[in-house]
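To start, the structure under review is shown below, and the notes come after it.
The values are calculated or read from the model by the stated rules, or taken from the named source; none is laboratory data. Remember, it's a predicted structure, so these values are computed and weren't measured experimentally. Positions of Cβ are generated from backbone atoms using ideal geometry, with glycine treated the same way; all protein chains shown enter the neighbour counts.
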Amino acid sequence: VPKDGKLLAIGHSMGGILLYAMVSKCGFEGADPELAAIVTLASSVDYTTSNSSLKLFVPLADPAEMLRVPAVPLGTLLSTTYPISSRAPYILSLLRSQISAKDMMDPELLSKLILNNFCTVPAKVLLQLATSFRDGGLRNRAGTFFFKEHLGKIKVPVLALAGDEDLICPPEAVYETVKVIPQHLVTYKVFGKPEGPHYAHYDLVGGRKVCVHMCVFKRPSSVFDSYITLCYRVGCP
């Protein structure tokens with residue numbers, strides 16, 4: 001634990017959304033989130049400018065509410081369809097591209113990820129996530145607090161990472177969120193090159209060519225109290 005008690009918080013996908021929501025609320029209240037910095041991977045609170053595949057789930061929100069469906073069994077659906085995703089007519093192979101770019105993730109790891117990682121999604125969560133596709137972006141369940149509106153008030157450094165072939169949270173969605181954060185606090189990076197390698201949604205955490213390293217460097221004392229960030233290096237042993 002650092003001497004000042006402030007930690008580096010890292011969140012992927014929903015984890016990053018929760019971090020944005022947390023620091024946004026702290027910015028609104030003028031409270032200290034007690035974090036040295038945050039790193040978000042493939043996360044956004046506003047998908048309105050992107051062609052995110054999450055839009056496929058948005059139509060399920062209203063019927064789920066009207067029918068009082070408690071949850072959507074996402075994990076069961078994925079684990080059931082995955083074994084046949086590599087068979088003709090290959091329609092379900094689109095499932096793989098949602099998760100990992102071609103040849104980026106070890107096949108065994110990819111299989112374990114799909115069969116074991118996903119769970120049932122509560123309908124209330126689905127309803128709230130649906131607001132991230134509406135003007136103003138993600139809001140609280142009451143619909144009275146827009147998280148994006150208050151990201152300009154945060155005082156925590158942010159490293160926001162996106163994958164060039166992320167179909168779930170495209171770079172456009174990530175940028176739509178980070179553009180409202182004070183420029184001196186945010187660093188935005190897109191992983192992937194035209195000639196490859198490419199990064200889909202889960203490659204930022206499980207891709208075979210990504211390696212995470214912690215390093216320390218001095219930040220301007222007038223802005224930050226901490227000296228910590230996250231560095232990525234591709235192709236490390």
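Restricting to segment 120-139, what's the tally of residues that are touching a helix residue (DSSP H, G or I) at 6+ places or on another chain (Cβ under 7 Å) and either without any contact (Cβ under 8 Å) to a residue 12 or more places away in the chain or closer than 17 Å to Pro33 by Cα (or both)? Result for segment 120-139: 1. Residue count for segment 189-205 satisfying the condition of being touching a helix residue (DSSP H, G or I) at 6+ places or on another chain (Cβ under 6 Å) and not in a loop (DSSP other than H, G, I, E, B): 1. Between Thr81, Thr76, Thr40, the distinction of being modelled with pLDDT of 85 or more and among the hydroxyl-bearing types (Ser, Thr, Tyr) belongs to Thr40 only. Scan segment 146-156 and tell me whether some residue there is at pLDDT below 90, out of contact with any Ser or Thr (no Cβ under 6 Å at 6 or more places or on another chain) and part of a loop (DSSP other than H, G, I, E, B). Looking for residues that are at pLDDT below 90, out of contact with any Ser or Thr (no Cβ under 6 Å at 6 or more places or on another chain) and part of a loop (DSSP other than H, G, I, E, B), one finds none in segment 146-156, hence no. Screening Phe57 against (1) closer than 28 Å to Leu151 by Cβ; (2) touching a strand residue (DSSP E or B) at 6+ places or on another chain (Cβ under 9 Å); (3) modelled with pLDDT under 60 leaves a single unmet condition, (3).
Of the numbered criteria (1) modelled with pLDDT under 95; (2) in contact with a His (Cβ under 9 Å, 6 or more places away or on another chain), the one Ala160 fails is (2).
Being within 14 Å of the chain's Cα centre (by Cα), closer than 23 Å to Gly27 by Cβ and either assigned to a loop (DSSP other than H, G, I, E, B) or in contact (Cβ under 8 Å) with a residue 12 or more places away in the chain (or both) is a description that does not apply to Ala142.
Restricting segment 167-180 to residues that are modelled with pLDDT of 95 or more and in a loop (DSSP other than H, G, I, E, B) leaves a set whose member that is farthest from Met104 (Cα to Cα) is Val180.
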